[in-house]
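Beneath this line is the structure, given in structure tokens, with notes to follow.
Every number in this text was worked out from the coordinates using simple rules, so none of it is lab data. Worth saying up front: this structure is predicted, and the values here are computed from it rather than measured. Note: ideal-geometry Cβ built from the backbone for every residue, glycine included; neighbour counts use all protein chains shown.
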């Protein structure tokens, strides 16, 4: 079998981050700086990724600008022929660093914003950040990077989706990605405080659809609805081990950034194995490839070719068995788990558990 | 609400240009040309790449049709305009 060729590598260069967002999808036990991969480790991984067929590289985190070698890594990625996106909070993006990144061939910068309302934005981020983000956006725009604003939506900001889209346009974004929060890591811990109501979701969908028309030709808008309110699960990156891989700060290779939550799987390390071996041979990447692992109702369901049974990480997080149907799917009795979560009592904003190693509950 | 001219609609006089954020390159792994853009890629065949290489802001759709019809020795106008329209709808090329 010739096998699948991956298109995208997400490099989580560090878990360190100046922000403390309560929906962070990083694991609860954040990795500290001492154990991160070295510059040469990452360069080797990028070279191996290109040889394996990867075209798109996400330089992510945590906050990737906290890596002093970011410029060197971005330049190496470009020399290998990868198309790179810097996924940043914007904090620490000085003009000098942005210029060096541009010279090295970085093409695309994605800056997160938390809300159009500065006070709420800073309450979510847990730190003063709005002015830094505005300054970073101006630099990105001036230097001519492709520029995306990304926003995680949840109960406290979903009603301002229209103002958030307008803010992205004012900041000069070419694209805005609006995604409702997913419940992994810190997000699952804070689920009751983050979950929007059905009415909020419906209203936001209408506002987003109007904005897509309004901004056509000027700014691309993608809007990802919350899967808990959908009838069928999301097709995670085209299926497990199909197109996508993630490398954690310590070098663990994952088929999905939430996969460390699946504690029944062991993931291999890019310091001990080549990326090619991990992609093609390792147990973790083969565990849910294809459909032979599926149970009913997935096994005999025609939708299995569309959504591959949904998200393995969500199946494990909510049912304890990663081979179960994603409980978002209304064709499984497990759906009651998601329906119960939708009934969870609302809690106040101050009930967030903020993402920070020193407040980690584990 | 303001409306801007829809850059996704092409005529024979339009001058299509690849979106500035795209990069056209050959992928030695897949042995074919690819068009890369923020967080996405399109795998191309040689004809697709030949069309997109001419989307550099110096040729109209009509001129691209003529150049490629001559190169391939047959009338490729339907294929070329359909392909360009598809890429314009995906906003990977913009009409000038």
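Could we say that residue A:288 is in contact with a helix residue (DSSP H, G or I) (Cβ under 7 Å, 6 or more places away or on another chain) and over 30 Å from residue A:39 (Cβ atoms) here? Criteria met by residue A:288. Of the residues making up region A:148-164, those that are within 14 Å of chain B (Cβ to nearest Cβ) and touching a strand residue (DSSP E or B) at 6+ places or on another chain (Cβ under 6 Å) number 3.
Just one of the listed residues (B:46, B:13) is away from every other protein chain (no Cβ under 13 Å) and out of contact with any strand residue (DSSP E or B) (no Cβ under 9 Å at 6 or more places or on another chain), namely B:13.
Out of A:142, A:107, A:103, one residue alone is free of Cβ contacts under 8 Å to residues at least 40 places away in the same chain and within 14 Å of another protein chain (Cβ to nearest Cβ). It is A:107. The residues listed here are B:51, B:64; of these, the one that is more than 9 Å from the chain's Cα centre (by Cα) and crowded, with 16+ Cβ neighbours inside 10 Å is B:64.
Among the residues of region A:274-305, those that are free of Cβ contacts under 8 Å to residues at least 12 places away in the same chain and over 17 Å from residue A:315 (Cα atoms) comprise A:277, A:281, A:300, A:302, A:305.
How about region B:29-41: which of its residues are more than 8 Å from chain A (Cβ to nearest Cβ), surrounded by fewer than 18 Cβ atoms within 10 Å (Cβ to Cβ) and either closer than 21 Å to residue A:220 by Cβ or out of contact with any helix residue (DSSP H, G or I) (no Cβ under 9 Å at 6 or more places or on another chain) (or both)? Once the filter is applied, which keeps residues that are more than 8 Å from chain A (Cβ to nearest Cβ), surrounded by fewer than 18 Cβ atoms within 10 Å (Cβ to Cβ) and either closer than 21 Å to residue A:220 by Cβ or out of contact with any helix residue (DSSP H, G or I) (no Cβ under 9 Å at 6 or more places or on another chain) (or both), region B:29-41 yields only B:31.
If you go through region A:224-238 and keep only what is buried (at least 19 other Cβ atoms within 10 Å of the Cβ) and within 16 Å of the chain's Cα centre (by Cα), you end up with A:226, A:227, A:236, A:237.
Taken over region A:153-164, the criterion of being surrounded by fewer than 22 Cβ atoms within 10 Å (Cβ to Cβ) and either out of contact with any helix residue (DSSP H, G or I) (no Cβ under 7 Å at 6 or more places or on another chain) or under 30 Å from residue A:103 (Cα atoms) (or both) is satisfied by A:160, A:163. Search region A:165-182 for residues being surrounded by fewer than 23 Cβ atoms within 10 Å (Cβ to Cβ) and within 13 Å of chain B (Cβ to nearest Cβ), and hand back the single one that is farthest from residue A:147 (Cα to Cα). Filtering first and then ranking leaves A:179.
Here's the yes/no breakdown for (1) farther than 25 Å from residue A:343 by Cβ; (2) surrounded by fewer than 20 Cβ atoms within 10 Å (Cβ to Cβ); (3) without any contact (Cβ under 8 Å) to a residue 40 or more places away in the chain:
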residue	(1), (2), (3)
A:206	no, yes, yes
A:216	yes, yes, yes
A:222	yes, yes, no
A:248	yes, no, no
A:256	yes, no, no
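Being within 20 Å of the chain's Cα centre (by Cα) and closer than 21 Å to residue A:203 by Cα is a property that residue A:160 lacks. A single entry from A:211, A:192 fulfils the requirement of being surrounded by 17 or more Cβ atoms within 10 Å (Cβ to Cβ) and either in contact with a helix residue (DSSP H, G or I) (Cβ under 7 Å, 6 or more places away or on another chain) or at negative phi (or both): A:211.
Which condition number does residue A:5 fail, the rest of (1) assigned to a loop (DSSP other than H, G, I, E, B); (2) within 12 Å of another protein chain (Cβ to nearest Cβ); (3) within 29 Å of residue A:128 (Cβ to Cβ) being met? Residue A:5 satisfies all of (1) assigned to a loop (DSSP other than H, G, I, E, B); (2) within 12 Å of another protein chain (Cβ to nearest Cβ); (3) within 29 Å of residue A:128 (Cβ to Cβ) except (3). Of the listed requirements (1) in contact with a helix residue (DSSP H, G or I) (Cβ under 9 Å, 6 or more places away or on another chain); (2) surrounded by 14 or more Cβ atoms within 10 Å (Cβ to Cβ); (3) in contact (Cβ under 8 Å) with a residue 12 or more places away in the chain, residue A:198 misses just one: (2). In summary, residue A:90 fulfils each of the numbered conditions (1) within 14 Å of chain B (Cβ to nearest Cβ); (2) at positive phi with the single exception of condition (1).
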